[in-house]
1. I need a count of the residues in segment 38-79 that are in contact (Cβ under 8 Å) with a residue 12 or more places away in the chain and under 17 Å from the mean Cα position of the chain (by Cα).
2. Do the conditions hold for residue 95, that is, is it at pLDDT 95 or above and touching a helix residue (DSSP H, G or I) at 6+ places or on another chain (Cβ under 9 Å)?
3. Before we move on, is residue 121 surrounded by 20 or more Cβ atoms within 10 Å (Cβ to Cβ), of a type outside the set (Lys, Arg), farther than 27 Å from residue 149 by Cβ and more than 20 Å from the chain's Cα centre (by Cα)?
4. Can you report the number of residues in segment 41-70 which are out of contact with any Leu (no Cβ under 9 Å at 6 or more places or on another chain) and within 22 Å of residue 102 (Cβ to Cβ)?
5. When the residues of segment 124-148 are narrowed to those that are over 26 Å from residue 84 (Cβ atoms) and touching a residue at least 24 places away in the same chain (Cβ under 8 Å), which ends up surrounded by the most Cβ atoms within 10 Å (Cβ to Cβ)?
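The values are calculated or read from the model by the stated rules, or taken from the named source; none is laboratory data. Note that this is a predicted model, so its numbers are computed, not measured. Cβ placement follows ideal geometry from the backbone for every residue including glycine, while neighbour counts extend to all protein chains displayed.
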Amino acid sequence: MSGKNRLGDREQGTGYRGTGLIVAADEGRPGQIQSHRDLVVWQKAMDLAVSVYQLANHFPSYEIYRLSAQICRAVASVPANVAEGHARATAKDYANFLAIAKGSLMETETLLMLAVRLGYLDESDASETLSLLTEVSKMLTVLRRRLVR
């Protein structure tokens with residue numbers, strides 16, 4: 001990654017699938033997992049969190065301690081659980097944290113859909129974020145399946 005990026009940002013086009021795990025290409029050593037930050041699923045979950053936080057800024061002010069707070073907590077726990085699981089000692093523990101991340105992801109999806117139904121967001125505003133959410137969901141499922149084999 002270049003030094004111009006903020007902490008947690010990622011450059012486009014760095015995905016790599018050479019080791020059976022979905023990881024980002026590390027400068028000169030594609031497929032090497034040095035930390036959870038190398039996982040494309042974590043990077044995309046971070047992108048999702050930023051997107052959801054930006055959408056939550058459009059909710060009415062009276063929702064700041066209700067729906068806004070809940071959706072932000074839910075989406076922040078997705079990359080956090082991927083990171084914590086990656087740091088665990090066993091594949092079983094890692095898979096468990098990925099399952100928790102998936103649960104938080106589904107909570108986020110439900111709350112986004114609720115925001116659309118309540119009229120806080122237009123479907124068109126939420127569609128890109130929901131597409132990213134679906135992508136992260138598929139990645140979590142694939143990674144978890146590979147760990148529990």
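1. The total comes to 26.
2. So residue 95 passes the test.
3. So residue 121 fits the description; yes.
4. Within segment 41-70, residues that are out of contact with any Leu (no Cβ under 9 Å at 6 or more places or on another chain) and within 22 Å of residue 102 (Cβ to Cβ) number 7.
5. Selected residue: 126.
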